[in-house]
């Protein structure tokens with residue numbers, strides 16, 4: 001088998017989990033499940049598949065030290081620092097340029113630092129199966145079997161079945177659809193032909209570089225300039241010069257929607273992108289009244305409420321479908337149905353210059 005590498009994307013901010021998530025403590029640094037951070041969970045669940053020197057992390061300068069503390073087993077040189085975040089396509093491209101020096105024919109798994117996966121063993125098995133498929137030249141994406149008609153995720157339409165690998169079925173990926181309307185999402189889920197786009201991909205390094213060259217020539221040109229100075233004193237200045245000039249672009253729009261030979265492997269692994277406070281219901285147990293509680297809490301006639309407490313007791317009376325997040329310097333109270341407005345709240349705080357709570 002070809003060399004197998006992991007590239008963990010760890011650059012997100014997670015503003016929808018404010019006030020727990022901050023610029024200095026993004027989502028991947030939060031301890032939401034057990035006593036390990038989301039990033040620690042991400043590294044733990046692939047530790048049996050990859051040697052530490054084969055696990056790479058793309059992140060921002062302000063996150064490196066924190067991530068190194070969380071995963072001291074990873075070599076410092078494996079933390080690839082973007083001068084500025086420009087979306088997942090440039091981040092993955094930077095990772096691919098570094099990995100191709102190790103083995104241009106190697107396979108890379110693009111993974112996330114801030115998602116939750118309940119069935120870790122199945123996740124490891126599907127990664128291994130996907131690597132076998134990727135060796136054939138396919139661009140592999142992991143599709144999550146949808147549990148409800150979400151309008152917040154992208155969808156992948158399954159085409160013809162190609163083959164089975166270790167009990168997983170591989171389909172041709174016909175089409176990527178971004179965040180559909182409620183009616184369309186319902187129809188997609190009912191058809192059984194669509195999966196959620198997990199944002200996790202497995203491919204040969206040379207294949208993704210071919211797609212960058214074909215579909216994102218400006219990015220490819222920048223990556224080749226970076227490649228030319230890897231391991232030299234000119235690397236950092238070159239990166240600092242090129243990266244701010246790149247167009248911000250996701251790998252889905254920039255590459256996957258127009259890529260050749262894309263396949264999808266549907267899998268049910270208990271996945272959540274932990275994209276908002278309601279997603280806590282997917283990853284944490286609820287009490288008999290449907291409340292999800294972290295911290296010290298007492299409630300009367302309270303149901304379907306999410307409570308993330310801090311150092312003090314949180315008490316509620318007569319609440320239903322409410323989110324309460326208590327931190328040292330900020331308290332969020334919101335109806336669950338308005339949680340999408342947390343991003344707007346963060347934007348308003350930015351306009352007010354309240355950097356101390358961002």
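No value in this document is a laboratory result; all are computed from the given coordinates. Model, not experiment: these values are computed from the prediction. No Cβ is skipped: glycine too gets one built from the backbone with ideal geometry, and neighbour counts run over all protein chains shown.
The protection proxy used here, the mean number of other Cβ atoms lying within 10 Å of each residue, ranks peptides 29-40, 231-242 as follows, highest first: 29-40, 231-242.
From the alpha carbon centroid of region 288-317 to that of region 180-255 is 41 Å. Considering region 277-357 at the alpha-carbon level, its Rg and Dmax are found to be 13.3, 42 Å. Each label point was placed 7 Å from the Cα along the Cα-to-Cβ direction; for residue 301 and residue 174 their separation is 5.2 nm.
For the chain, the longest principal axis of the C-alpha atoms and the axis of helix 182-191 are separated by about 60°.
Normalised by 2.2 N^0.38 Å, where N is the number of residues, the alpha-carbon radius of gyration of region 129-251 equals 1.32. Taking the average, over residues, of other Cβ atoms within 10 Å as the packing measure, peptides 324-336, 181-193 rank 324-336, 181-193 from highest down.
For region 210-358, what does the alpha-carbon gyration tensor say about shape, rounded, prolate or oblate, given a ≥ b ≥ c as the root eigenvalues, a/c under 1.5 as rounded, and a/b over b/c as prolate? Here region 210-358 falls in the prolate category.
Straightening the chain between residue 232 and residue 2 buys 80.1 nm, computed as 0.36 nm per residue apart minus the Cα-Cα spacing.
Pairing the Cα long axis of helix 205-215 with the longest principal axis of the chain, what angle in degrees results, from 0 to 90 and rounded to the nearest 10? The angle comes out near 90 degrees. Compared with the dominant principal axis of the Cα atoms in the chain, helix 217-228 is inclined by about 70°.
Only bridges with both residues in region 1-130 count here: give the DSSP antiparallel percent, nearest 5. Of the beta bridges lying entirely in region 1-130, close to 10 percent run antiparallel. The distance from the alpha carbon centre of region 86-163 to that of region 328-358 is 32 Å, rounded to a whole number. Taking every DSSP helix (H) stretch of at least 4 residues in the chain, weighting each as -39,500 (n - 2.57) and dividing the sum by the residue count yields a mean residue ellipticity at 222 nm of -8500 deg cm²/dmol.
Structural size metrics of region 64-206, computed from C-alpha coordinates, are Rg and Dmax of 16.8, 47 Å.
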